[in-house]
Amino acid sequence: MARTMAEKVWEEHVVRRADGEPDLLYIDLHLVHEVTSPQAFEGLRLAGRSVRRPDLTIATEDHNVPTMDLLAPIADPVSRKQVETLRKNCSDFGVRLHPMGDIDQGVVHVVGPQLGLTQPGMTVVCGDSHTSTHGAFGALAFGIGTSQVEHVLATQTLPMQPFKTMAVTVNGTLRPGVSAKDVILAVIAKIGTGGGQGYVIEYRGEAIEALSMEARMTVCNMSIEAGARAGMIAPDQTTFDYVQGRPHAPQGADFDAAVEHWKSLRTDEGAEFDAEVVLDADELSPFVTWGTNPGQGVPLDAEVPDPASYEDPSARAAAEKALKYMDLEAGTPMREVRVDTVFLGSCTNGRIEDLRTAAEIVRGRKVADGVRMLVVPGSMRVKEQANAEGLGQVFLDAGAEWREAGCSMCLGMNPDQLKPGERSASTSNRNFEGRQGRGGRTHLVSPQVAAATAVRGTLSSPADLDA
Amino acid sequence: MEKFDVHTGRAVPLRASNVDTDQIIPAVYLKRVSRTGFEDGLFAEWRKTDPDFVLNRPEYEGATVLVAGPDFGTGSSREHAVWALQDHGFKTVLSSRFADIFRGNSLKGGLLTVLLPQEVIDRLWDAIEADPATEVTVDLVDREVRAPGVRESFELDDYTRWRLLEGLDDIALTLRHTDEIGEFETTRERWKPVTL
Ligand code: SF4
């Protein structure tokens, strides 16, 4: 029978199948960070259990690490305790850790791919919902809770309930200035924050195939914002080229054997998806959010929507509440919205390509008066590469802050936060109330829009700079 | 894990959709390394800034059933959201739609999340608001929710139901199959990456 890619990868990992029980799936790679792991290690200790496969586990510090003054002790005692706890746990249980100061430290979803640990056809989990990022390689990658983290540490498996499959096909070609971020924001606005619930989404079509690996990761990253279990993109030459030569990639004849296998993972001709969504890339333009969930977005050319225009009473109420929180008036052109802060970073848009794109736009220009721009590379290796290409200097010359790697203002667990009432244009993935700091207001944008907004001070696209 | 069979308690009506886990427990409360004590973070922002927020109202104090709007628990995978609800005293959450990861976390941790049609949720909201002393019964044995004027069955797969009724921890169950896991490991391709 014709099968989808997600079904194939699932089948290859079934350790045990029994009537009336969820399938027990083998996990190829387990990524660990300081926030969702302490209670899991504690659970192991209490039960006298060990980590079954430390060699399939890797840890890094990202969620609450500071992005300046790395050598000073972490000022916040509770953050410090979490980081110290992770270090102790990794050393007690024999897990490889990339701590602050290490070249491979960074946001967990940037680190896995850059080391070549994320490969097609794998099952990848992490106690973090944006694990969906790794699906860009054709891996089945999903976020899990802390009890599941403990379960994977102890058994290298997870009992999993079956999922449904959804195809999101993006036909055509993206116009200049329109990016992967705009694609995924448009998908979420179309299907809603619950639209992907219970599904693994496969992104396909011409526009997806044309994307770089970095851009594919941006798309898969935000699958969770549509409620999906995971997002996937079929591995192709772009994928193989990206993986080849990385520290943990297969070598020589092994690489060829791996590629042979990876090619077999593509969704079969005639396989059926439980749901299908189609978008036309030619019609997309830069997209920005106006509300407090990632589904509340419009094209940058549009206006803040009028809650009265929503038929569904709960959507209307949600829009009213969001506008109040965001302090926005219906009908205001998005382009007139003024920001205090621009955040360029996160596992959505903190990779080298994102930094290159933004640097090109701010090169030779200045960040607008009264605006602070925070550039936080996704990993220390990204930072090193950006510096080697002179990008760090471009940001500094423009008046931006050029920080160390971490999650930073994506979730504001470290000192990088919005103050109450402050407004940001952010390349991260969540615009929830208070996500970037108590009372902070977030507009999700692409790196292109973030950079142009930093220069003009109001939500803008690069085209506005030449006008 | 505590067993769950039949629970009866007073309920809190949370009339909001898309309540994400950042609202259930904001990130600044995630820094603890222990498993308990998260109640102070539960809906911290709303409790602090909105005196009318349901959990600030004396009539709902001590309630153990949360009746929530659709798409409850979206966003971050933080299991702390489940712990915060449990530490506050909630035993069960009722909604017409839950985010997947939140649902998975809750059912693993013994917080019973019950899916009901929105129309039933609406009726429960009305009943609780009319009389905050209203008791709601969530019966996992018969897979049924009961309250004055409401008797509605709900679905939950047999396996999860059995685990919750017995209070069984998933890890112990999986460790019974260690041989099968070992056997599977011998079949993995040699080129699959290792971290060490
Ligand atoms: S960058 Fe943001 S979304 Fe990504 S892992 Fe860190 S906190 Fe989560």
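The values are calculated or read from the model by the stated rules, or taken from the named source; none is laboratory data. Fair warning: this is a prediction, and the values are worked out from it, not measured in the lab. Reconstructed Cβ throughout: ideal geometry from the backbone, glycine too, with neighbour counts over all protein chains shown.
Residues of segment A:93-119 that are within 16 Å of the ligand (Cβ to nearest atom), more than 10 Å from every other protein chain (Cβ to nearest Cβ) and among the β-branched types (Val, Ile, Thr): A:107, A:108, A:110, A:111.
No other residue among A:198, A:135, A:143 is away from every other protein chain (no Cβ under 12 Å) and of a type in the set (Gly, Ala, Ser) apart from A:135.
I'm checking my understanding of the structure. Among residues of segment A:185-214 that are of a type in the set (Ser, Thr, Tyr) and at pLDDT 95 or above, which one is nearest to residue A:348 (Cα to Cα)?
Our first condition is that a residue be of a type in the set (Ser, Thr, Tyr); within segment A:185-214, this holds for A:193, A:199, A:203, A:212.
After this cut, where a residue has to be at pLDDT 95 or above as well, the list is A:199, A:203, A:212.
Numbers: A:199: 20, A:203: 16, A:212: 14 Å.
Here the answer is A:212.
Just one of the listed residues (B:16, B:27) is among the hydrophobic types (A, V, I, L, M, F, W, C), within 16 Å of the ligand (Cβ to nearest atom), within 9 Å of chain A (Cβ to nearest Cβ) and free of Cβ contacts under 8 Å to residues at least 60 places away in the same chain, and it is B:27. Of the listed requirements (1) surrounded by 24 or more Cβ atoms within 10 Å (Cβ to Cβ); (2) within 14 Å of another protein chain (Cβ to nearest Cβ); (3) of a type outside the set (A, V, I, L, M, F, W, C); (4) within 16 Å of residue A:294 (Cβ to Cβ), residue A:179 misses just one: (2).
Screening residue A:381 with (1) surrounded by fewer than 22 Cβ atoms within 10 Å (Cβ to Cβ); (2) more than 29 Å from residue A:223 (Cβ to Cβ) gives one miss only, at (2).
Counting only strands (runs of 3 or more DSSP E) that sit completely within segment A:248-364, those holding 1 or more residues that are away from chain B (no Cβ under 12 Å) and within 30 Å of residue A:2 (Cβ to Cβ) correspond to A:275-280.
None of A:42, A:21, A:34 is outside any loop (DSSP other than H, G, I, E, B) and of a type in the set (D, E, K, R) except A:42. Annotation: of all residues in segment A:246-262 being over 15 Å from residue A:121 (Cβ atoms) and touching a residue at least 24 places away in the same chain (Cβ under 8 Å), the one that is surrounded by the fewest Cβ atoms within 10 Å (Cβ to Cβ) is A:247.
Let me confirm something: among A:357, A:348, which residue is farther than 21 Å from residue A:465 by Cα and either under 20 Å from the mean Cα position of the chain (by Cα) or within 16 Å of the ligand (Cβ to nearest atom) (or both)? So that I can check it myself, show each step before the final result.
Values: A:357 fails: farther than 21 Å from residue A:465 by Cα.
Residue meeting the stated conditions: A:348.
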